[in-house]
Each structure stands twice: as structure tokens, then as C-alpha cells.
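The values are calculated or read from the model by the stated rules, or taken from the named source; none is laboratory data. Keep in mind it's a predicted model, so treat the numbers as computed, not measured. Glycine gets a Cβ as well: all are built from the backbone with ideal geometry, and neighbour counts include every protein chain shown.
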Amino acid sequence: MVERLIGHKQACILRCLFILFIAAITLLGACTPKPMMPYSEETAPLVLLPPSQAGIHDGRGRFREVFCAVLEERGISLPDYRPCEEALVRVGREPMGSGEAVELKRANRKLTALLVPGVGWDCFADWLDMDDSIPDHLRRLGYDLITIKVDGLSSTTNNARQIRDSIMEMGPINREPDLVLIGYSKGAPDILEALVSYPEIHERIAAVASIAGAIGGSPLANDASQSQLALMRFWPDAKCEEGDNGAIESLRPSVRKTWLAENPLPVNFPYFSLVTYPEPGNISSVLYSSYKKLSQIDARNDSQMLFYDQVIPSSTLLGFANADHWALAVPIARTHSTIGSIFVDKNQYPREAMFEALLRFIEEQLAILPR
């Protein structure tokens, strides 16, 4: 009936909008006044400290130099350009950069980034219809980027095994490790669990990075259910399976923080963390409800994650991206302009430049850090 009234194309758009809305509120939970972080004695003892007192190296000054140099050099030749001061937020006293020149020619060390995406990625990847602009840009510079397939609705334990299998199926190891594991959202704890559970992959890894990673979990998961998340299987063109139905449980703060307390990370390679820290006016309208809900705990969130839950222990803090959770890695507005203009209206971010800056910074650090 709807299709007869407004046409098939318009009806498809409306269905997409409805499913997008359902996906956006999957982690919002019920509209009840109960605490987002309920009282519990089943948790690891926690402290909240400045980075310098928590084993975190503050690399924001140099990363800003690298990111700004990339943005200035590439300019509008790359999508979603914005000035560096609008791309990164200065939080507190950001350290000064080194003042050294930024090398922007072809990479000296061919690093291959293995990107592990977040919850539900395999459900909407076909609908998203992404182009290869990020991998193509990186390959022109001598790097590479490959997305590892993991189950979007499964637990970190399940996906850690898939990450291990993908790495072990690659060709023989080079003279020196060349893999940079990059975890977005839940992909970050998936990677950390793979590192702890499968030491046979260590010799292949050069570095590990988290971008908007769910390192400490999300309070939104406390009030959500796996059945809500499973609605993503009805996304247009979805090809995801139920998996082990453990994604939501894996994202609960008590689960993630207890896992971190009980599983020291291997020290064979360096870790890096890029945190999303959007200005309140830079959050897409469809995500604003979850942003406000998380703001009951702390307004410094990206609509899905609190800013201090995105940092890998003993990692180098790269910076605070002025982007909401989707904008950093999910380019919805590029391929779905109508949805982008109405619902995902703050989705623009210079992702190609960000990935280039990330790999250039890591390459620079690998040249000076001991293995």
C-alpha cells in the first residue's frame, strides 16, 4: 500500500530510515530512570587517573603535527576536508609537538593495516556500499589496508579466533613485522583478546591501534539486550548471522574492565589510542538521544563511548577527534545523501587523511622504539 502511494524507491528509503533508527537506538535501552552504571560488587577495582599517572604516553603534540601536515598537503583533494583545528579537539594542556618536519613522501616501511570493524558491520556493509577510497589512498603511499571479517553479532572470544585465523592464513612473515592491527569500536577489544589468547600471531604484528575503541565497554550495553542488536539482521541487504549472540555481553563495562584486570597485554609491540571527543554540536541527530543518555554519566562521550573508556592500557594517546562514534569510521552520508542530510547530518570527517596520519605516525614511532 505504501509503495503504491509514494513509489517503490521512496518506500525503500523510508524502510531504510526506519531500520537505521532502530539500529541507532539498539544500545539505548529502556527509557527508565535506573542508573546506567548499576551498583555491583562483581567488578574489578577501578581508578581514574591522568594519563601521565596511568602509564599512558601523551603523543598528541606530534600526532597533531602529522595530521595537520597531511590535511594541509592533501587539502580538498581528499573527501570531507576540514581544517586541523576543527578535526582535533585540544583537551586540557596538550603537549607541544617536536617541531620536526613531517615526511609525506612514499612510505619507507610498507605497513599493512588490518582493520577490525565494530558491532553489526557485516549486517550493513553491503547497504553502506563503501568505495575503496581509503585503501586506494593508502596504497598510493606505499601502505595497505585490509578489513578482517568478523561476526558482527558475536562475542570478543569468537571474533578473537577469527582474527587469529585471518592472520595465520596470510603469507610467510617478512623480515620484520608489518601488520598494524586497527580496532574500531568493538573491534578493538576483539583484537586485544586475540593478542592474549593466541601468542602465535605476535611475531607478525608491528603495532596495535584503537580508534574509538570500546576498550572499557559502554554503559549503554548495561541496559540493552542481544535481541535488540539482532534487529540489525533485518537491515537492507544484510548478510550477517546470529553468531554466538555474545556481542552485547562483551560490551558491558564490568565484563571489559574485569577482562583487562585479569589479562595483561603482551609487550612485544606498541599500542596507540585515538579517542572520539566530539563537540556537542557535532553529533548526528540520530545519535543525539544516546549522547544525552550517556551524558548522565559524562557529557564527554561520542554517543556510544565515554572518552576515558577508549584508551588501551599503556598505549600512546594520539589525540581527541572531533567526531561522533559513526563519523570516525562509518561514511553513511557519502553513499546515502538523503539519510545523511536528515539523520546522520554530522557524518563528515577526513577519514583518508586520518588513516594516513595514523600510519605515518606509527611508522615514525617504529623507527625509534625498541622492538
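Looking at ALA54, ALA30, ALA44, can you tell me which residue is modelled with pLDDT of 85 or more and not hydroxyl-bearing (Ser, Thr, Tyr)?
Just a single option satisfies the conditions, and that option is ALA54.
Which residues, counting only those in the range 250-299, are among the charged types (D, E, K, R), in a helix (DSSP H, G or I) and loosely packed, with under 14 Cβ neighbours inside 10 Å?
Within the range 250-299, GLU262 is the sole residue that qualifies.
Are any residues in the range 317-357 touching a Ser or Thr at 6+ places or on another chain (Cβ under 7 Å) and either among the acidic types (Asp, Glu) or over 26 Å from GLY75 (Cβ atoms) (or both), and if so, which ones?
LEU317, ASP324, HIS325, PHE343, ASP345, GLU352
Among the residues of the range 130-140, is there at least one that is surrounded by 14 or more Cβ atoms within 10 Å (Cβ to Cβ), in contact with a Ser or Thr (Cβ under 9 Å, 6 or more places away or on another chain) and modelled with pLDDT under 95?
yes
I'd like to check something: does the range 115-124 contain any residue that is in contact (Cβ under 8 Å) with a residue 12 or more places away in the chain, closer than 20 Å to ILE205 by Cα, in contact with a Gly (Cβ under 6 Å, 6 or more places away or on another chain) and crowded, with 17+ Cβ neighbours inside 10 Å?
Scanning the range 115-124, I find at least one residue that is in contact (Cβ under 8 Å) with a residue 12 or more places away in the chain, closer than 20 Å to ILE205 by Cα, in contact with a Gly (Cβ under 6 Å, 6 or more places away or on another chain) and crowded, with 17+ Cβ neighbours inside 10 Å, so the answer is yes.
Could you please let me know if GLU85 is under 22 Å from GLN310 (Cα atoms), touching a helix residue (DSSP H, G or I) at 6+ places or on another chain (Cβ under 7 Å) and of a type in the set (D, E, K, R)?
no
Hey, does the range 140-159 have a residue that's over 22 Å from VAL208 (Cβ atoms) and not hydrophobic (A, V, I, L, M, F, W, C)?
yes
For the range 329-349, enumerate the residues that are over 20 Å from the mean Cα position of the chain (by Cα) and surrounded by fewer than 18 Cβ atoms within 10 Å (Cβ to Cβ).
SER337, THR338, SER341, ILE342
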